[in-house]
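Down below is the structure, laid out as structure tokens.
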Amino acid sequence: MTTHLDNRNETTAPLPSANMPSSHQSDTVPDTTQTQPKSSNPFAIGKKPGPIVPKGTIAGHALVLVIAIMSFLAALTVAAVTMISSATRDWQSDIGRGATIQIRQIDGIDIESQIVKAIDIARASKGIEKATALSQSQSSALLEPWLGLDLAFDELPIPRLIELDISDPESVDFIALSTRLQSEVKGAILDNHRFWVERLRSMAETAILIGFTILCLVLAATILTVIFATRSAMAGNQETIAVLHFVGAGNRFIAAEFQQKFFILGLKGSLAGGLIAMLTFFIMQLVLSNEAASAAADQMQALLGVIKLDMEAYIATFILTFIIAILTAITTRLTVIKTLSKLH
Amino acid sequence: MIRFENVGLRYGVGREVLRDVSFEIAPNSFQFLSGPSGAGKTSLLQLMFLSLKPNRGLIRVFGKDTARLDSEELAELRRNIGFVFQEFRLLNHLTTFENVALPLRVQGLSEQDYRTDVKELLNWVGLGHRMHVYPPVMSGGEKQRAAIARALISRPKLLLADEPTGNVDPILARRLLRLFIELHRSGTSIVIATHDTGLMDQIQARRIVLNDGALFIYD
């Protein structure tokens, strides 16, 4: 039997619409609805719809672990960089506020009078707060660790030192002071420690540069890992992506679905790594403060000043965890959009 | 609505599976697309659905030249076209309700906005009692109806169906056909690809026949 398309007598139900009573639903389809009780499962009522990208299709645990390790390493690097930069600041400030005038013993010249002259010149200079001469015994004491106690220092022509306390390093004209000392005081040499400051600064800058390089490498490795994980997740969700395209999803919608998943994974990993790093800092500080008298602690203290992780290191680590999570999400988004755009 | 002008399609370097295909799908029209297996029916549907690009010729969908559209514009156009796949293509990790609601979710609507519509449509296709089950436990007929519901939920202007009755018994096939007729009466253009002559004989409708890559129309 052939039916004409415009035959309105055919018994079919009208398409459902918002104002159509449900009792009008009819026989276009098997009668199962008529006999089945209405679903008691309040399925959609208040329940969040299931995720479009299923959980099991992303290597979530492995990715969280890798991001946690990377975040931990990044946090350690950031802590080391902040510690070195704060130690460098301390060195520079300490060294910058001191200078020494060395007066060599010259035969036939009274060194004491030269010392007095040098002190007067130093005190008259702008920016120098105090000039104190070290006594003969104090100068000898400085050499004791290297020469031992057995030596009679009185017989040696040990140079005498004048310690200068600088109130304002910027206003001191070291060149003028040095020229004046050399012309007026026999055997005087001004040492403003600038040579040491420069060396320390360059050493610290190198250490900070290495730290940032490591940080960049860690972040690059994290990005590459996320790219691989995203591609693998996309490969595992080919059918879902195809169906999403068929139902009218644009690349941006699909990217947002993956991005959301990876942001959460990234945040979990980076928070775990960051928290473990902070715990490590805390334990390290605790151990170092308990072993303050130990040789190792002393050596570290000699090099880095007081071993202390400022609040800065904790804040930097906290910010870093969010940066890594956001970086993960952005990487995923760009990877998905780039991969999908190649399909068209 | 859809206009093909001298469209040619080939896969790789092989011979053209569609040659110089020209036709038009008018608004509120009903047609069968038929031809033997391998004649290019699915390829033609995919071209209409913008999931394939032709090697030559012009395709205009809703007045727009598809060659000039970017991916977001293509997605926007696809929202006006419903597609029923022969193999259903439901997502196994989503319930029937969620599968059917997917086109609306993609449009950014919240579950609260579409809940009533989806439930009504599921009742209409007879899946009201199966809305919270997952596809793996559904029968072929149920999956087919869910796939149809998903294609209809966003009220498309055009519905393309690829062998929609291929996996169901003749009784259900007839019921599904009546469902498509009802949809056509409500203003949707319908293209049903099938090689089931028994199904086509049930109603008088335009037939687009593909044979060896060439197209013939019987109005």
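What follows is calculated from the coordinates using simple rules that are stated; it is not laboratory data. Not measured: the values here are computed from a predicted model. So basically every Cβ, Gly included, is an ideal-geometry build from the backbone, and we count neighbours across all protein chains shown.
At a glance:
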quantity: Value of relative contact order over the range A:105-186, rounded to a whole percent, pairs C-alpha under 8 Å and six or more apart; calculated: 44 percent
quantity: Ratio of the Cα radius of gyration of the range A:105-186 to 2.2 N^0.38 Å, where N counts its residues; calculated: 1.24
quantity: 10 Å Cβ neighbours from other chains, averaged over peptide A:247-258; calculated: 6
quantity: DSSP-assigned coil residues among trypsin sites (Lys or Arg not before Pro) in the range B:4-93, each with at most 12 further Cβ atoms within 10 Å; calculated: B:R15
quantity: Dipole magnitude of chain B, debye to nearest 20 (Cβ charges: Lys/Arg +1, Asp/Glu -1, about Cα centre); calculated: 80 debye
quantity: A:F322-A:K55 FRET efficiency (beta carbon distance; Förster radius 22 Å; 0.05 resolution); calculated: 0.45
quantity: Ranked list, fewest to most other Cβ atoms within 10 Å of each Cβ, for B:Y114, B:Y134; calculated: B:Y134, B:Y114
quantity: Taking B:K119, A:K268 and counting other C-beta atoms within 10 Å, the order from fewest to most; calculated: A:K268, B:K119
quantity: Value of [θ]222 nm, deg cm²/dmol, for the protein assembly as shown, DSSP H segments ≥ 4, -39500 (n - 2.57) each, nearest 500; calculated: -17000 deg cm²/dmol
quantity: The range B:64-129 - Kirkwood radius from inverse mean 1/r over Cα pairs (Å); calculated: 13.6 Å
quantity: Approximate spin-label separation B:Q112-A:I158, in nm, with each point projected 7 Å along Cα-to-Cβ; calculated: 8.6 nm
quantity: B:Y218-A:R252 pseudo-label distance in nm [points 7 Å out on the Cα-to-Cβ vector]; calculated: 4.7 nm
quantity: Whole-Hz couplings from phi, Karplus 6.51/-1.76/1.60, listed for the range A:167-177; x for Gly and Pro; calculated: 7, 9, x, 5, 8, 7, 9, 5, 5, 5, 5
quantity: Ranked list, fewest to most other Cβ atoms within 10 Å of each Cβ, for A:W146, B:W124; calculated: A:W146, B:W124
quantity: Globularity index of the protein assembly as shown, i.e. its alpha-carbon radius of gyration over 2.2 N^0.38 Å; calculated: 1.68
quantity: Among A:77-83, B:96-102, the order from most to least packed when residues are scored by Cβ within 10 Å on average; calculated: B:96-102, A:77-83
quantity: Per-residue mean of C-beta atoms belonging to partner chains within 10 Å, peptide B:65-78; calculated: 3
quantity: Theoretical gain in end-to-end length, A:L279 to A:L143 [0.36 nm per residue, Cα-Cα removed]; calculated: 44.6 nm
quantity: Calculated FRET value between A:T206 and A:Q238, using beta carbons and R₀ = 60 Å, to 0.05; calculated: 0.80
quantity: Over 27 Å (Cα to Cα) - which of A:K268/B:K119; A:K48/A:K261; A:K268/B:K143; A:K338/B:K53; B:K119/B:K157; A:K261/A:K342 fall in this group; calculated: A:K268/B:K119; A:K268/B:K143
quantity: D (Stokes-Einstein, µm²/s), Kirkwood Cα radius, chain B, 0.890 mPa s at 25 °C; calculated: 137 µm²/s
quantity: Residue mean of other protein chain beta carbons inside 10 Å, B:124-136; calculated: 5
quantity: Integer Hz, Karplus 6.51/-1.76/1.60 couplings in order for the range B:174-184, x for Gly and Pro; calculated: 5, 5, 5, 4, 5, 5, 5, 4, 4, 5, 4
quantity: Principal axis dimensions, largest first and in whole angstrom, of the range A:46-138 by Cα; calculated: 97, 30, 17
quantity: Peptides ranked, highest mean first, by Cβ atoms within 10 Å: ranges B:207-217, A:168-178, A:114-124; calculated: A:114-124, B:207-217, A:168-178
quantity: Length-normalised contact order for chain B - Cα pairs under 8 Å, 6+ apart - percent; calculated: 30 percent
